[in-house]
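The values are calculated or read from the model by the stated rules, or taken from the named source; none is laboratory data. Here the structure is a predicted model, which means the values were calculated and not measured. Glycine also receives a Cβ, built like all others from the backbone with ideal geometry; neighbour counts cover every protein chain displayed. Ligands, DNA and RNA are stripped out before the accessible areas are found, and what is left, the full protein with its side chains, is counted by its heavy atoms. Shrake-Rupley method; radii C 1.70, N 1.55, O 1.52, S 1.80 Å.
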Amino acid sequence: MEQLLHWCDLIGIAIFAFTGVLAAGHKQMDLFGAVVLACVTATGGGTLRDIILNVPVFWLSDSYYLWIAAATGVISFYVIRYLQVPMRLLMAADAAGLAVFVVIGTQKVLDLGHTPAIAIVMGVMTGTFGGLIRDILCGDIPLLLRREIYATAALSGAAALVILDDIDALPGEAVVAIAVLVTLGIRLAALRWNLSAPIARIRPEQ
């Protein structure tokens with residue numbers, strides 16, 4: 001189980017770093033800006049989670065997370081220079097990174113002995129705040145704050161993991177896989193069929 005989560009963590013780092021470079025490419029940033037955006041996107045959510053939980057920040061303890069993010073950033077920078085990368089790929093990659101990091105964050109908080117409610121909140125934060133920082137640095141409205149179904153997908157995946165973990169009827173690997181699929185499925189369905197949440201509207205004065 002621990003080995004599975006470790007590999008999921010590394011995959012999530014690479015995926016989110018890639019989305020950072022894609023976002024940088026659409027904003028025509030240079031190599032330095034792209035790598036910075038890759039590292040911030042890949043580590044932002046987990047960094048904030050660890051600071052709030054008052055535990056060692058994961059990439060300070062294991063610096064290879066940062067090296068993976070930076071290396072992915074450099075490689076992706078040159079890849080997108082020669083290949084046409086549609087915005088839809090950014091959204092799909094972001095959905096995959098979201099699914100992986102939500103599950104990693106939720107499971108880590110459960111392993112630390114916190115309550116299910118705290119685990120869900122921290123899991124959603126882990127999955128969404130890297131992308132939120134990325135979008136802010138790019139001058140865009142963060143996906144987390146748009147009408148798209150984004151935070152709802154993260155919340156659903158975190159809740160699924162907590163519920164299945166509490167039931168304790170499936171192996172840990174199966175619980176992780178189901179939670180990832182729940183998050184990813186909801187997010188991709190929202191992208192495919194343009195699903196969105198109700199938006200706040202101020203009624204005009206009569």
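Comparing 44, 73, 25 in a Gaussian network model of the chain where C-alpha atoms under 10 Å apart are linked, the largest mean-square fluctuation is found at 25.
The listed peptides 51-57, 160-166, 125-131, ordered by packing as a protection proxy, come out as 125-131, 160-166, 51-57 (highest mean of other Cβ atoms within 10 Å first).
What FRET efficiency comes out for residue 55 versus residue 11 if R0 is 22 angstrom and r is the Cβ-Cβ distance? Round to the nearest 0.05. E between residue 55 and residue 11, to the nearest 0.05, is 0.50. Hull volume per residue, based on the alpha-carbon atoms of the chain and their convex hull, is 145 Å³. Over the residues of the chain, the helix contribution to mean residue ellipticity at 222 nm works out to -26000 deg cm²/dmol, using -39500 (n - 2.57) for each DSSP H run of at least 4. Taking every protein chain into account, the accessible area of the chain amounts to 53 square angstrom per residue (probe 1.4 Å). Proximity of backbone amide H atoms, modeled 1.01 Å from N, is registered between residue 140 and no other residue at under 5 Å, excluding neighbours fewer than 5 places apart on the same chain. For the stretch 42-89 and the stretch 125-141, compute the distance between their C-alpha centroids and round to whole Å. So the separation of the two Cα centres works out to 12 Å.
Return the carbon/sulfur percentage of the accessible area of the stretch 85-206, one whole number, probe 1.4 Å, all protein chains in place. Each step should come with its number before you reach the end.
Working: 4220 of 6400 Å².
Ligands and nucleic acids excluded, carbon and sulfur reach 66 percent.
When peptides 10-17, 175-182 are ranked by their average number of other Cβ atoms within 10 Å per residue, the highest-first order is 10-17, 175-182. Note on the stretch 1-56: with neighbouring protein chains present and a 1.4 Å probe, carbon and sulfur make up 66 percent of its accessible heavy-atom surface. Here the Gaussian network model covers the chain, with springs between Cα atoms less than 10 Å apart; of 67, 59, 193, 193 fluctuates the most.
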